[in-house]
Amino acid sequence: MTSLLILNGPNLNLLGTREPEIYGAVTLEEIEATCVAYGETKSVSITFLQSNHEGVLVDNIHAATGTHAGIILNAGAFTHTSIALHDAIVGTQIPTIELHLSNIHKREEFRHHSYIARAAVGVICGFGAAGYNLAINAMVGHLESNN
Ligand code: DQA
């Protein structure tokens, strides 16, 4: 079965209580359960991880080689700072979709630039928790059209 890695970066463990007016009231655990259930309907298995540490995210991208066919990455604030995450995606060549709950382009100027976008297949942002299932669907379509 095709396997996808959904990687979540810093502060996303606080979803549910963190700025709910921006990120919604859904917890990361609830998002994970929704992703796993949606993955089953698409015949893909989902591995769902969160870390507040940049190096752990880099390690998980490296470890995805040979295990996961695609990565969905909500890198949180590291989106706007991390050349290391960009390089990990480019270095492993694993198709990656950049994901954000909020529409980063509608927000503060410092969120408008992404180091991930250059390395990503595409970007989904602004659809809240629903974006996770949109990203799974987009990744399944991308992998199908490239196989
Ligand atoms: C975020 C957007 C980032 O700018 C922010 O730092 C986050 C969450 C989002 O999902 O909307 O932590 O990635």
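The values are calculated or read from the model by the stated rules, or taken from the named source; none is laboratory data. Fair warning: this is a prediction, and the values are worked out from it, not measured in the lab. Cβ sites come from the backbone with ideal geometry, for glycine too, and all protein chains shown count toward neighbours. The protein model used for the area step is the full one, side chains on, heavy atoms only, and it has no ligands, DNA or RNA in it. Shrake-Rupley method; radii C 1.70, N 1.55, O 1.52, S 1.80 Å.
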inquiry  = Condition (residue is within 14 Å of the ligand (Cβ to nearest atom), modelled with pLDDT of 95 or more and surrounded by fewer than 20 Cβ atoms within 10 Å (Cβ to Cβ)) applied to the stretch 86-95: is it met by at least one residue?
reply    = no
request  = Kindly list, by first and then second residue, each pair from a residue in the stretch 18-33 that is closer than 17 Å to Ile46 by Cα to a residue that is surrounded by 13 or more Cβ atoms within 10 Å (Cβ to Cβ) and among the polar types (S, T, N, Q), limited to pairs with Cβ atoms under 7 Å and residues at least 6 apart or on different chains.
outcome  = Leu28/Asn8; Leu28/Asn13; Leu28/Gln50
query = Out of the stretch 9-33, which residues are surrounded by 15 or more Cβ atoms within 10 Å (Cβ to Cβ) and either polar (S, T, N, Q) or away from the ligand (no atom under 14 Å from the Cβ) (or both)?
reply = Asn13, Thr27, Glu32
key: Single residue of the stretch 96-130 satisfying the filter (surrounded by 17 or more Cβ atoms within 10 Å (Cβ to Cβ) and near the ligand (Cβ under 8 Å from one of its atoms)) that is farthest from the chain's Cα centre (by Cα)   = Arg111
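Let's see how each residue does on (1) among the charged types (D, E, K, R); (2) more than 13 Å from the ligand (Cβ to nearest atom); (3) part of a helix (DSSP H, G or I); (4) within 22 Å of Asn137 (Cα to Cα):
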site	(1), (2), (3), (4)
Leu7	no, no, no, yes
Cys35	no, yes, yes, yes
Ile61	no, yes, yes, yes
Ala84	no, yes, yes, no
note = Pairing a residue in the stretch 121-145 that is farther than 16 Å from Leu15 by Cβ with any residue that is open to solvent by 30 Å² or more (accessible area, probe 1.4 Å) and among the small types (Gly, Ala, Ser), where Cβ atoms lie under 9 Å and the two sit 6 or more apart in sequence or on different chains, gives Val121/Ala138; Gly122/Ala138; Val123/Ala117; Ile124/Ala138; Met139/Ala69; Val140/Ser43; Leu143/Ala69
ask   = In this structure, does Val56 turn out to be among the β-branched types (Val, Ile, Thr) and closer than 19 Å to Asn11 by Cβ?
value = yes
ask   = Somewhere in the stretch 66-77, is a residue touching a residue at least 60 places away in the same chain (Cβ under 8 Å), of a type outside the set (Asp, Glu) and part of a helix (DSSP H, G or I)?
value = yes
request  = Within the stretch 70-81, identify whether any single residue is away from the ligand (no atom under 16 Å from the Cβ), open to solvent by 10 Å² or more (accessible area, probe 1.4 Å) and in contact with a helix residue (DSSP H, G or I) (Cβ under 7 Å, 6 or more places away or on another chain), and answer yes or no.
outcome  = no
message = Let me confirm something: among Thr41, Thr47, which residue is open to solvent by less than 60 Å² (accessible area, probe 1.4 Å) and either away from the ligand (no atom under 15 Å from the Cβ) or in contact with a Leu (Cβ under 9 Å, 6 or more places away or on another chain) (or both)?
response = Thr47
ask   = Taking the condition part of a helix (DSSP H, G or I), free of Cβ contacts under 8 Å to residues at least 40 places away in the same chain and among the β-branched types (Val, Ile, Thr), does Ile89 pass?
value = yes
